[in-house]
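In what follows, a single structure is set out as structure tokens and then discussed.
The values are calculated or read from the model by the stated rules, or taken from the named source; none is laboratory data. Note that the structure is a prediction, hence the values are computed from the model and not measured. A quick note on method: Cβ atoms are made from the backbone with ideal geometry, for glycine too, and the neighbour counts reach across all protein chains shown.
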Amino acid sequence: MAGRVKFTAKEVSNFKCPPGKGQAFLWDATITQLGLRVTPNGEPSYIFQGRFHGTTPRITIGSPKNWSIKDARAKAREYQRYIDEGRDPRIVVAEQKAEEREKRRTIKKGSLTGWEAWNAYLKDRQPQWGDQHYADHQRMSKEGGEKRKNKKGAVTRKGVLVPLLDLKLSDLTEPKVRAWAIREVKRGSSQARLAFRLLKAFINWCELENDYQGLIDSNIVKSVKIRDILGKQVPKKDHLQKEQLETWFKHIKEAGNPAVSIYLEALLVTGARPSEMLNLKWDDIDFQWASISIGDKVDDIRVIPLTPYLASQLISLPRRNQWVFSSDRSSSGRIDRPNKLLAKVCKSAGLPHLTLHGLRRSFKNLTEWLEIPVGVVAQIMGHKPSATAEKHYTERPIDLLRIHHVNIETWILEQARVGFDSNKNTSKLRLVE
């Protein structure tokens, strides 16, 4: 080890590592714990080396390019002072670095926007969600402003959650969400309630993630005021009665769009969820063995019978792409949810307002006339089994389901006075006068 010298700029710059050595040290005569370490290839650096309870702590201070001799001596005195106080300077330095990292992290966290956390949330949770649930999140956070294909000059609206996601996470507070709820409930209470449910789940996820923990006002999730503003969801009871089937079928066929008409009929005769039927692909239909594989939100896939009338309707649709209910006007390649068309048809037919989900509800209610086993109806519709025997012991084969399902479809067509020959799959719909 080289001797001690009073550090000067010249001494420091001239000190080199001797040939054949891995490193060399030059020690300051003024502050004995301050040294200069050099290696053959690396840059020199000031170091501190002291004595602490039988150990020799060595801490790198920094390069002479960045540290003056005066500042290096001051830092060495600081480290020695920790030893004099009975503190290990290595631990003190580690704590200071951790505190500094936490400060930088806090500053960074304070600038995080809702979008950064939201996108990370969707990426993390998508594998655990069904297609429709993920689509709801995308729809609620759609930035809007895109041109609509079916309406000249019109643009898509912003998603309900966009105003909140535009905020910094630290600015996402209960009063701001309350003000948002007051505005959004006027646009549509059901959509506002759905958006708030998604928001609460998002906030709960953030509280489990280190990067976003503690940034969002936790009062949002448990706010009674926000819940009061949004109101309670009133269970919908819309459905078709037996006596209304004839009028409904007649006007649906006159709607002018075969894909939409058959889609609505399919909801009625299968009891499927609107999104399940909308996502139906040609590969999901087995015309040979008369079955449909439906993407189910409970069991991923459920297989139900393809009943004769529905088969005859589906096979008549054009095969433009992978979607059964396709559209050459939609950017997705399939029809959009025909809520407005269904409402218009019901109004012109003199029928009460009916939703797409109301057709699923209609299927369930109409089966009551036939005294079909509850478990059969639940399996066709994709309802979660409620009884222990249904959950663990009863799994009806599709052949058994088909017997009941064909009976249901036949009875519905009879009530609607729709003449259909099940022996002819190419039969066309006609109304029996």
All positions within the range 83-123 that are at pLDDT 85 or above, under 26 Å from the mean Cα position of the chain (by Cα) and charged (D, E, K, R): Glu116, Lys123
Hey, Val374 outside the structural domain of Tyr134 (by TED's automatic domain parsing), of a type in the set (A, V, I, L, M, F, W, C) and surrounded by fewer than 20 Cβ atoms within 10 Å (Cβ to Cβ) or not: yes
Ile294 part of a strand (DSSP E or B), over 30 Å from Arg417 (Cα atoms) and in the same structural domain as Val376 (by TED's automatic domain parsing): no
Looking only at the range 1-59, and only at residues there that are within 19 Å of Ala76 (Cα to Cα) and polar (S, T, N, Q), the one that is surrounded by the fewest Cβ atoms within 10 Å (Cβ to Cβ): Thr56
So Asp238, is it of a type in the set (Asp, Glu) and in contact (Cβ under 8 Å) with a residue 40 or more places away in the chain: yes
Flag if Asp71 is among the acidic types (Asp, Glu), at negative phi and out of contact with any Lys or Arg (no Cβ under 8 Å at 6 or more places or on another chain): yes
Members of the range 65-79 found to be under 17 Å from Phe52 (Cα atoms) and over 54 Å from the mean Cα position of the chain (by Cα), listed by number: Arg77
Matching option when the condition is at pLDDT 90 or above, on the phi < 0 side of the Ramachandran plot and either among the hydroxyl-bearing types (Ser, Thr, Tyr) or surrounded by 13 or more Cβ atoms within 10 Å (Cβ to Cβ) (or both), among Ala266, Ala290, Ala255: Ala266
Ala272 vs. criteria within 25 Å of Ser327 (Cβ to Cβ), among the small types (Gly, Ala, Ser) and assigned to a helix (DSSP H, G or I): no
The listed residue being more than 20 Å from Arg396 (Cβ to Cβ) and assigned by TED's automatic domain parsing to the domain that holds His405, out of Pro352, Pro305: Pro352
Residue check, Asn219 under 23 Å from the mean Cα position of the chain (by Cα), of a type in the set (S, T, N, Q), closer than 30 Å to Thr173 by Cα and in a helix (DSSP H, G or I): yes
Test: Leu306 is at pLDDT 90 or above and out of contact with any Gly (no Cβ under 9 Å at 6 or more places or on another chain): yes
Residues of the range 305-333 classified as among the small types (Gly, Ala, Ser) and in a loop (DSSP other than H, G, I, E, B), total: 6
Any chance Ile229 is free of Cβ contacts under 8 Å to residues at least 40 places away in the same chain, crowded, with 17+ Cβ neighbours inside 10 Å and farther than 16 Å from Thr355 by Cα: no
Filtered residues of the range 275-291 (kept if without any contact (Cβ under 8 Å) to a residue 60 or more places away in the chain and not in a loop (DSSP other than H, G, I, E, B)): Met277, Leu278, Lys281, Trp282, Asp283, Asp284, Ile285, Asp286
Given (1) of a type outside the set (Gly, Ala, Ser); (2) over 26 Å from the mean Cα position of the chain (by Cα); (3) within 28 Å of His404 (Cα to Cα), index of the condition His353 fails: (3)
Matching option when the condition is outside any helix (DSSP H, G or I) and within 30 Å of Arg320 (Cα to Cα), among Ala255, Ala259: Ala255
Some residue of the range 181-193 being of a type in the set (A, V, I, L, M, F, W, C), under 22 Å from the mean Cα position of the chain (by Cα) and at pLDDT 90 or above: yes
